[in-house]
Amino acid sequence: MATLNLPAVPVDGGLSRYFREVWAFPILDKEEEFMLAERWRKHGDREAAHQLVTSHLRLVAKIAMKYRGYGLPVSDLVSEGSIGLMKAVRKFEPERGFRLSTYAIWWIKASITEYILKSWSMVKLGTVSAQKKLFFSLRRTKSKLKIMDEGELTPDQADELSNMLNVSASDITNMNRRLAGRDASLNAPVSMDESIEFQDTLVDGAPTPEAATADSQELTFRRGLLGDAIATLSEREKHIFTERRLKEDPVTLEELGKVYGISRERVRQLEVRAFEKVQRAVETAAAAAEITAAAAEAGI
């Protein structure tokens, strides 16, 4: 639809004047509405579309006011509802016999609710219709049951809401937590002292770069010791040790016995001997490395 010149929605309050302007537009009777809709559809008459939109702006305002409890500026809700109204005018088919307001109300609500869902949190709330319905019905139902809008639900309250809304108690609890807490900026001050921001209080659980580097060097050192120790084994011992001790899915003693034509017990003995050799070699190399490091620190 071409851009229409509509009353400007104030961004910083002052909605009273806007509402007065909106209520000044005349309400169309059925015949006028049909005629204007036909002029717009068949001839692209912008003036006809303008009259259809302006005559229903009060409907947008009424619907937007019903959603003002979600912490978003009413001016934004009105603006989004007006967009939905214009979409409804563009798709309106008067020959079907119903009024524009009957058709437009769904477009207006859809536009406003989608805006609320997108603006409520950077974390997606869910796209399935059941989640969207629960988002908008939970607060209303809590009010009917005189349940405080803030705070955690008790198990009994969650069960009662679950029965009324036909939604699982866990979904009720999770959605209530989402409604209770809004996103906060990481740059928001923690207190009156604006020099400390929320992000300054967050602790990264990951290792520091220094610790990560030290761990990497230690792992490389240990692997080197193990590799040197394994190199001291015979080929058969090396193969058995690798297959039995270094693989996630070790080969069975029986399978290795078939490879070398020996008993399971003999394979087990070779595995134990190979392990003991590797263990001694690693311990000896590690002790020598400690002595060398200590000497270097002492400047010897």
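HN-Hα J couplings of region 268-282 from phi, Karplus 6.51/-1.76/1.60, θ = phi - 60°, integer Hz, Gly and Pro as x?
4, 4, 5, 5, 5, 5, 5, 5, 5, 5, 5, 4, 5, 5, 5
At what distance in nm do the modelled label points of ARG264 and ARG236 sit from each other, each positioned 7 Å from its Cα along Cα→Cβ?
2.0
With a cap of 16 neighbouring Cβ atoms within 10 Å, and only residues DSSP puts in a loop, list the trypsin sites (Lys or Arg not before Pro) found in region 218-300.
LYS247
Kindly state, to the nearest 0.05, the FRET efficiency for ALA286 paired with GLU248, given R0 = 25 Å and r defined as their beta-carbon distance. Working shown, then result.
On the way: r = 25 Å, r/R0 = 1.01.
Result of the calculation: an efficiency of 0.50.
Could you list, in their original order, any pairs among LYS118/LYS146; LYS42/LYS87; LYS87/LYS144; LYS62/LYS132 whose Cα atoms are separated by more than 26 Å? Walk me through the intermediate numbers first.
Working: LYS118/LYS146 28 Å; LYS42/LYS87 17 Å; LYS87/LYS144 34 Å; LYS62/LYS132 21 Å.
Where the Cα-Cα span goes over 26 Å, the pairs concerned are LYS118/LYS146; LYS87/LYS144.
So which GluC sites (Glu not before Pro) in region 220-300 end up in coil per DSSP with only 10 or fewer other C-beta atoms within 10 Å?
Within region 220-300, the qualifying GluC sites (Glu not before Pro) (loop, at most 10 other Cβ atoms within 10 Å) are GLU248.
Rounded to the nearest 0.05, what FRET efficiency do VAL272 and LEU219 have when you use their Cβ-Cβ distance and R0 = 22 Å?
Rounded to the nearest 0.05, the efficiency is 0.25.
As an exercise, use a Förster radius of 30 Å and the Cβ-Cβ distance of ASP156 and ARG68 to find the FRET efficiency, rounded to the nearest 0.05. Could the numbers behind the result be given before it?
Working: r = 30 Å, r/R0 = 1.01.
It comes out at approximately 0.50.
We did not get these values from a lab; they are worked out from the coordinates using the rules stated. Quick caveat, the model's predicted, so the values are computed rather than measured. Every residue, glycine as well, gets a Cβ built from its backbone with ideal geometry; the counts of neighbours run over all protein chains shown.
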